[in-house]
Amino acid sequence: MASPIVARITLPERARRGEVVTIRVLVRHPMERAIDAPGLTPLPRKILHSMRVTYAGAEVFRAELSQGITANPYIEFTTLAVETGDLVFEWEEDGGATYRREARLVVT
């Protein structure tokens, strides 16, 4: 798993069971495209192409991203608070790198 990604994940500190909660994610990710000077060969792009979020063992959000929005994507979605647990955020980048972050939702 690669590490050069910073994700700001915003969600309520607490939610009531059955409440719809808003999750906001801002990812700081370099979208690089460079040329290898000696051979003038393009180096692989570092573009996030997918994002997946699971909560309480179930997928609650999935997005297929494109180069037009992946330099520092901001994504907002809602989910239903069912139980206290971790939201697991996973991003995949061209070239096979995978990034993972977690945030805890406390349900009362």
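The values are calculated or read from the model by the stated rules, or taken from the named source; none is laboratory data. This structure is a prediction, so every number in the text was calculated from the model and none was measured. A quick note on method: Cβ atoms are made from the backbone with ideal geometry, for glycine too, and the neighbour counts reach across all protein chains shown.
Numbers at a glance
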item: The stretch 30-56, residues that are small (Gly, Ala, Ser) and either within 14 Å of residue 68 (Cα to Cα) or modelled with pLDDT of 70 or more (or both); result: 50, 56
item: Any hit, the stretch 15-29, residues being among the small types (Gly, Ala, Ser), modelled with pLDDT of 70 or more, under 10 Å from the mean Cα position of the chain (by Cα) and not in a loop (DSSP other than H, G, I, E, B); result: no
item: Pairs with Cβ under 6 Å, 6+ apart, first in the stretch 73-95 and at pLDDT below 95, second in a strand (DSSP E or B) and among the aromatic types (Phe, Trp, Tyr); result: 91/99
item: Residues that are part of a strand (DSSP E or B), surrounded by 13 or more Cβ atoms within 10 Å (Cβ to Cβ) and of a type outside the set (D, E, K, R), drawn from the stretch 66-97; result: 75, 77, 79, 80, 85, 87, 88, 89, 91
